[in-house]
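Below is one structure, written out as structure tokens, with a few remarks after it.
The values are calculated or read from the model by the stated rules, or taken from the named source; none is laboratory data. Since the structure is predicted, the reported quantities are computational estimates derived from the model, not experimental observations. Please note: Cβ atoms are built from the backbone with ideal geometry, for glycine as well, and neighbour counts cover all protein chains shown.
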Amino acid sequence: MQTIPRSASFEIAATAARLVAEEGLEYGPAKRRAVKILGLNSRAALPGNEVLDEALREYIGMFLAQTQPGELAALRSLALSWMLRMEQFHPYLGGAVWHGTATRHSDIHIDLFCDDPKSAELALIDTRAQYEQRTASGIRGQTVDTLSIHARCSALATMVGVHLKTYDLDDLRGALREGPRGRALRGDINSVRRLLEQAAR
């Protein structure tokens with residue numbers, strides 16, 4: 001029986017999934033690097049994020065099933081501790097740590113919604129945390145200020161990047177929309193607590 005070759009898009013998604021899981025790359029850079037690794041034309045059609053998300057879950061199930069759940073719980077616990085520190089700014093957890101595809105190489109992404117975005121920075125200063133000011137792409141593709149911290153994750157015995165994106169309070173409504181297949185794109189403190197409780201059962 002002749003084997004049907006897998007599409008280039010599938011190969012890119014599978015290779016990118018490995019890079020996300022094993023090196024902590026974001027989806028965009030992982031897809032572009034996968035194209036180079038596979039020796040494909042730089043204009044090759046890239047798989048959508050939903051396709052890569054499914055490939056990543058498949059990769060984790062096949063190769064990281066014994067270690068990833070514990071790593072995910074550790075990262076969610078660390079995320080929760082930072083959300084509680086910044087509770088007054090309506091923190092919402094997003095990214096791989098929220099969606100359940102994070103490994104020990106993943107960063108934590110938390111969105112803060114403030115009357116005055118500068119107030120989040122002042123609150124962070126009060127915690128005496130060392131941070132870097134950056135910019136990143138926001139909920140609607142706009143540029144938003146980001147406070148990036150290297151936080152110790154004792155459970156994983158490593159340092160983890162924690163990125164606090166600061167938004168105006170009015171942006172909160174747009175943050176609560178659902179993503180593909182009805183999945184919430186981010187979760188609040190109570191939602192993260194429920195995920196941790198479910199994992200501990």
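Condition first: under 26 Å from Ala199 (Cβ atoms) and not aliphatic (A, V, I, L, M). Can you find one or more residues in the range 10-18 that meet it?
Within the range 10-18, one or more residues are under 26 Å from Ala199 (Cβ atoms) and not aliphatic (A, V, I, L, M).
Output the qualifying pairs, or none if there are none: Cβ atoms under 8 angstrom, residues six or more apart or on different chains, first residue in the range 77-102 and on the phi < 0 side of the Ramachandran plot, second residue of a type in the set (S, T, N, Q) and assigned to a strand (DSSP E or B).
Listed by first residue and then by second, the contacts come to Phe89/Thr166.
Starting from residues that are under 11 Å from Gly187 (Cα atoms) and touching a helix residue (DSSP H, G or I) at 6+ places or on another chain (Cβ under 7 Å), keep the ones in the range 84-108 and report whichever is surrounded by the fewest Cβ atoms within 10 Å (Cβ to Cβ).
Taking the range 84-108 as the starting set, the residues that turn out to be under 11 Å from Gly187 (Cα atoms) are 90-95, 97-99.
Retained after the next criterion (residues that are touching a helix residue (DSSP H, G or I) at 6+ places or on another chain (Cβ under 7 Å)): 90-93, 97.
Numbers: His90: 17, Pro91: 24, Tyr92: 25, Leu93: 24, Val97: 28.
Top of the filtered list is His90.
Select from the range 1-35 the residues that are over 24 Å from Ser137 (Cα atoms) and either among the aliphatic types (A, V, I, L, M) or modelled with pLDDT under 95 (or both) and list them in ascending order.
Hits for the range 1-35 are Met1, Gln2, Thr3, Ile4, Pro5, Arg6, Ser7, Ala8, Ser9, Phe10, Glu11, Ala14.
Tell me which residues, restricted to the range 87-115, are more than 15 Å from Val144 (Cα to Cα) and either of a type in the set (Val, Ile, Thr) or assigned by TED's automatic domain parsing to the domain that holds Tyr27 (or both).
Once the filter is applied, which keeps residues that are more than 15 Å from Val144 (Cα to Cα) and either of a type in the set (Val, Ile, Thr) or assigned by TED's automatic domain parsing to the domain that holds Tyr27 (or both), the range 87-115 yields Val97, Thr101, Thr103, Ile108.
Could you check, for the range 134-142, whether at least one of its residues is farther than 30 Å from Gln198 by Cα and more than 17 Å from the chain's Cα centre (by Cα)?
Within the range 134-142 (the criterion being farther than 30 Å from Gln198 by Cα and more than 17 Å from the chain's Cα centre (by Cα)), the answer is yes, since at least one residue qualifies.
Restrict the check to the range 58-67 and report whether at least one residue is under 21 Å from Ser148 (Cβ atoms), out of contact with any Ser or Thr (no Cβ under 7 Å at 6 or more places or on another chain) and among the polar types (S, T, N, Q).
Just the residues of the range 58-67 that are under 21 Å from Ser148 (Cβ atoms), to begin with: none.
For the range 58-67, residues under 21 Å from Ser148 (Cβ atoms), out of contact with any Ser or Thr (no Cβ under 7 Å at 6 or more places or on another chain) and among the polar types (S, T, N, Q): absent.
Considering each residue of the range 116-141, count those that are among the small types (Gly, Ala, Ser) and free of Cβ contacts under 8 Å to residues at least 24 places away in the same chain, and give that number.
Looking only at that region, the number is 3.
I'm checking my understanding of the structure. Among residues of the range 176-201 that are loosely packed, with under 14 Cβ neighbours inside 10 Å and acidic (Asp, Glu), which one is nearest to Ala73 (Cα to Cα)?
Within the range 176-201, the match that is nearest to Ala73 (Cα to Cα) is Glu197.
Scan Glu71, Glu22 and give me the residue that is surrounded by fewer than 15 Cβ atoms within 10 Å (Cβ to Cβ), touching a residue at least 24 places away in the same chain (Cβ under 8 Å) and assigned to a helix (DSSP H, G or I).
Testing whether each residue is surrounded by fewer than 15 Cβ atoms within 10 Å (Cβ to Cβ), touching a residue at least 24 places away in the same chain (Cβ under 8 Å) and assigned to a helix (DSSP H, G or I) leaves just Glu22.
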